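Here the structure is laid out as structure tokens; the discussion comes afterwards.
The values are calculated or read from the model by the stated rules, or taken from the named source; none is laboratory data. Fair warning: this is a prediction, and the values are worked out from it, not measured in the lab. Cβ atoms come from the backbone with ideal geometry, glycine included; neighbour counts cover every protein chain shown. Each accessible area value is taken on the protein alone, full model and side chains, heavy atoms only, with ligands, DNA and RNA left out. Shrake-Rupley method; radii C 1.70, N 1.55, O 1.52, S 1.80 Å.
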Amino acid sequence: MKRFLNLNTVYIAAAIIVLGVVLVPLAVETYNLRTQGINYFTTNIEDYHNNAHPVEGENTIEIDLNDLESNKEKVLFQDGENQIYMSKVIAHNSNEYEMFFRSSGSYSLGGATLVSGVELQHNNDDLISKFQAKAKATYRGDTYQLSPSEDTSDVEEFGFYLDLPDNINPDFEEEGMIDVTVTNLYVNFWAEKSS
């Protein structure tokens, strides 16, 4: 009868235990990253450095105010890793609109990047968000400043109000396309702190 426990069995059991100790926490962190997305980094500031800087230039998108649903997923900004696209346009009345943009970035356990209208800054072990983006709309040569939406609550989605004068409303029956230009976007970086 062979011995049930020999030296090879002990080595195999030890290797399984070591792999479990290493891989289980990694699997849990990967699961948390996948389910939380960029919020994983914004709520985990003790393990990640955060830095942000403005993106140069203007980004323009054409919005159809006659067919609001057709604006979904139009791309405002794209750099290969990060993208900002139109998530929705809401008409509050005949000449007041609210536009929302959604940001998607790149992330892994080592860090992340996200371009947004919101800048994130560390302040005394806390993360503060500042709405930085500016926007204007151009219709038939006239320019209208957009104001930040009050519903902008996180770094992944931001929005603006467009309040048009009453006298241009009838023109939308002929041509409902309006250009919206967004500036002062921010690149938010997260990098894992070294142990």
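Solvent-accessible surface of segment 86-126, taken per residue with a 1.4 Å probe and all protein chains present: 40 Å².
Distance between the modelled labels on VAL75 and GLN145, one decimal in nanometres: 3.2 nm (7 Å Cα→Cβ projection).
These residues, VAL182, VAL18, go from largest to smallest accessible area, 1.4 Å probe, as VAL18, VAL182.
When GLU56, GLU156, GLU73, GLU192 are compared by accessible area at a 1.4 angstrom probe, the order from most to least is GLU56, GLU73, GLU192, GLU156.
In the context of the full protein assembly, MET99 retains an accessible surface of approximately 0 Å², using a probe radius of 1.4 Å and ignoring ligands and nucleic acids.
Inter-part distance, segment 82-161 to segment 53-79, computed on C-alpha centroids, equals 11 Å.
Within the assembled protein chains, the solvent-accessible surface assigned to THR60 is about 70 Å², based on a 1.4 Å probe. Measuring nothing but alpha carbons in segment 45-195 and taking Rh as the Kirkwood radius, the Rg to Rh ratio lands at 1.04. Only protein heavy atoms count here; under a 1.4 Å probe, LYS130 has an accessible surface of about 90 Å². Stretching LYS130 away from ASN39 to a fully extended chain increases their span by 31.2 nm, per 0.36 nm per residue minus the current alpha-carbon distance.
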